[in-house]
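I have placed the structure first, in the form of structure tokens, so that the comments after it can refer back to it.
What follows is calculated from the coordinates using simple rules that are stated; it is not laboratory data. Computed from a predicted structure; not experimentally measured. Ideal geometry is used to build each Cβ from the backbone, glycine not excepted, and the neighbour counts take in all protein chains shown.
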Amino acid sequence: MTEHTSTTTQLPELQLDGISKSYGDNLAVRSITASIPAHKVSVIVGPSGCGKSTLLRIISGLDEPTEGTVTFEGNPVHGVPEGLAMVFQDYSRSLYPWLRVDKNVAFPLSKLPAAERDARVAEAIEAVGLKGREKLYPWQMSGGMQQRVAIARALASQPKLLLMDEPYASVDAQTRADLEDLLLKIQRKLGITVLIVTHDIDESVYLADHIIVLSTPPSVVAETIDVDLAHPRDHFSTKTHPRFVEIRGHVTQLLRHTELTGGAA
Ligand SMILES: Nc1ncnc2c1ncn2[C@@H]1O[C@H](COP(=O)(O)OP(=O)(O)OP(=O)(O)O)[C@@H](O)[C@H]1O
Ligand SMILES: [Mg+2]
């Protein structure tokens, strides 16, 4: 297994240069430099507490780094950039409790003509398997259903850059597999750039074109890996492919190594 850097000739959509973040004395993220290629799925994996959510918040412009810069399409990020959608780890804080499912999904689409907005909302709700639940309020739904509403809202906005923080952690295994496939399908259809955080190694390899492995806190990039598995992927043939098994083993070893050594830097 060789180490790769991105082989794409396109400019990176998103560039992280020397990102550090401290909360008081707590250094959460330590000098992260990474390129996120356009029109691909990049996955950040790393142990709990290594700063993944912090990093996504900084990329989204919701939080400022203590040091370093984030560049999106060549422009430094200060505040949430146009064309960005985010699915948060904590679904209970993602949705507007006073809006029904369809209104939650429609919320970012207020500038669209009504017919297009309604079509996108219906399509996204159906895609996440919530057809017939449009008139429920978030508090009438299970956690996994609420997270699917948040995913539908992000997809309906057809963002250029989609950031997802452990989006499938609260759904059952079958729904999770379906939502992973839905993400891949939509990503390939629309060509959006996706950056997803997970600590599930299988999920990272299955979804990714590009994996960024973070070390234990304060985290650094332990390695970046290009995943050369064919598309379209499916849960049986992709996950039994020798190359999948090889990459998964490599990521597992890296994470184990980083836990034992506390990061290589
Ligand atoms: N708003 C905050 N104020 C103070 N400390 C914070 C804040 N957000 C995160 N931290 C600290 O930063 C470190 C990284 O947290 P973060 O939530 O980014 O990790 P994570 O990799 O997303 O973890 P998990 O896998 O458990 O979701 C932790 O030590 C955490 O306590
Ligand atoms: Mg997190």
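Tabulated data
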read-out: Which of Pro217, Ser48, Leu155, positive extreme of dipole for the chain (C-beta unit charges); value: Leu155
read-out: P(r) tail fraction, region 101-142 - alpha-carbon pairs more than 17 Å apart, %; value: 27
read-out: Long-range Cα-Cα pairs in the chain (distance over 32 Å), rounded percent; value: 21
read-out: Relative contact order computed over the chain (Cα-Cα under 8 Å; 6+ residues apart), in percent; value: 26
read-out: MRE, 222 nm, helices only [DSSP H, n ≥ 4, -39500 (n - 2.57), over the chain, to nearest 500]; value: -10500 deg cm²/dmol
read-out: Length released on extending from Thr224 to Ser142, taking residue separation times 0.36 nm less the Cα-Cα span; value: 26.0 nm
read-out: Crossing angle, helix 173-190 versus the chain [Cα axis fit, 0-90 degrees, rounded to tens]; value: 90
read-out: Highest average packing first - 94-101, 158-165, 208-215, Cβ atoms within 10 Å; value: 208-215, 158-165, 94-101
read-out: Those trypsin sites (Lys or Arg not before Pro) in region 110-159 that DSSP places in a loop and that have at most 14 other beta carbons within 10 Å; value: Lys111, Lys131, Lys135
read-out: Charge dipole (debye, nearest 20) of region 91-168; +1 at Cβ of Lys and Arg, -1 at Cβ of Asp and Glu; value: 180
read-out: Coordinate range along principal axes, alpha carbons of region 37-95, Å, largest first; value: 31, 26, 26
read-out: Cα extents of region 1-137 along the three principal axes, largest first (Å); value: 46, 39, 33
read-out: Angle in degrees between helix 242-261 and the longest Cα principal axis of the chain, rounded to the nearest 10; value: 70
read-out: Two-site label geometry, Gln253 and Leu27: point separation in nm, points 7 Å out along Cα→Cβ; value: 2.9
read-out: Estimated dipole of the chain in Debye, rounded to 20 [Cβ of Lys and Arg +1, of Asp and Glu -1, Cα centre]; value: 740
read-out: Using distinct alpha-carbon pairs, which all enter the 1/r mean, Kirkwood radius of region 121-178 in Å; value: 11.8
read-out: Kirkwood Rh and Cα Rg combined as Rg/Rh, region 170-248; value: 0.96
read-out: Relative contact order (%) - criterion: Cα under 8 Å, at least six apart; region: region 145-234; value: 24
read-out: Point-charge dipole on Cβ atoms (K/R +1, D/E -1) for region 145-192, about Cα centre, debye to 20; value: 300
